[in-house]
1. GNM on the chain, C-alpha springs below 10 Å: top fluctuator among Ile68, Ile26, Ile35?
2. So for the pair Glu76, Ala6, with labels modelled 7 Å out along Cα→Cβ, what separation do we get in nm?
3. I need the Kirkwood Rh of segment 3-177: take the reciprocal of the average 1/r across all distinct C-alpha pairs and report it in angstrom.
4. When the Cα centres of segment 112-179 and segment 8-70 are compared, how far apart do they sit, in Å?
5. Select from Asn142, Phe122, Phe104 the residue farthest towards the positive end of the dipole of segment 104-165; place +1 on Cβ of Lys and Arg, -1 on Cβ of Asp and Glu, and compute about the Cα centre.
6. Could you give the length gained on full extension between Leu31 and Leu116, defined as 0.36 nm per residue of separation minus the Cα-Cα distance, in nm?
7. Using just the helices of the chain, give the 222 nm mean residue ellipticity in deg cm²/dmol: DSSP H runs with n ≥ 4 each add -39,500 (n - 2.57), and the total is spread over all residues, rounded to 500.
8. Identify which of Ile140, Ile33, Ile168 has the largest mean-square fluctuation in a Gaussian network model of the chain, with springs joining Cα atoms closer than 10 Å.
Amino acid sequence: MILQQAKIVIFYGTDTGNTQEVAEKIAAYFLEIHIKIDIHNIIDADIHTFYQYDLLIFGIPTWDFGGIQEDWEELEDELSELDLSQSKVAIYGLGDQFGYGDFFIDAVGWLYEKLLPTGANFIGKWPTLGYEFDASRACIENDQEFCGLALDEDQQFDLSDIRIQQWISKITNEFESIS
Ligand SMILES: Cc1cc2nc3c(=O)[nH]c(=O)nc-3n(C[C@H](O)[C@H](O)[C@H](O)COP(=O)(O)O)c2cc1C
């Protein structure tokens, strides 16, 4: 399936609005390539609507030393019960690598771990090069990659736009290359 024909959504959780702003930016970049996507705050979501989409983009910030944004955390049990084997899933996360360098974007790792048993087809993994942190639950592949896009609006806000654009182009390619 080509991306132009796909149904795409972003579900994000947020405490102070940053993850929502990024969701809106992602949607705006998709619109530039003539793809309209839905956006929902996870606090209002019925997760069974996930099944309506071909590509699910999930946004999650990390809080309080590796803590999970609370609206996502409330869905912990329900998430594990989903069957996402027909869906492609891309995760992005917000964190602060200098302030919380032992827990950088840990919540992305948590969400990835919760969704692994659902059979989700993950796209949009992202290199760890260019970040400075000591530990992250989101690291995979011998710490060479995060399991989703890492954004740091606190310390590297000037890099976010380019990272988002490059990530969209990566997920666009990967969406079309895996069946
Ligand atoms: C009290 C506090 C705790 C935080 N804990 C973490 C953390 O453990 N790991 C991390 O990567 N970022 C942490 N952050 C940074 C936030 O994730 C970051 O500011 C993010 O942009 C917030 O997103 P939101 O506005 O969507 O809630 C913390 C920030 C604050 C103020």
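Here, each number is a calculation from the coordinates, and none is a lab measurement. The shown structure was predicted, so the numbers you read here are calculated from the model rather than taken from an experiment. Neighbour counts run over all protein chains shown; Cβ positions are idealised from the backbone, glycine included.
1. Ile35
2. Distance between the two pseudo-spin positions: 3.0 nm.
3. 15.9 Å
4. Cα centres, segment 112-179 to segment 8-70: 14 Å.
5. It is Phe122.
6. 27.7 nm is the gain from fully extending Leu31 to Leu116.
7. -9500 deg cm²/dmol
8. Result for the chain, Cα springs under 10 Å: Ile33 fluctuates most.
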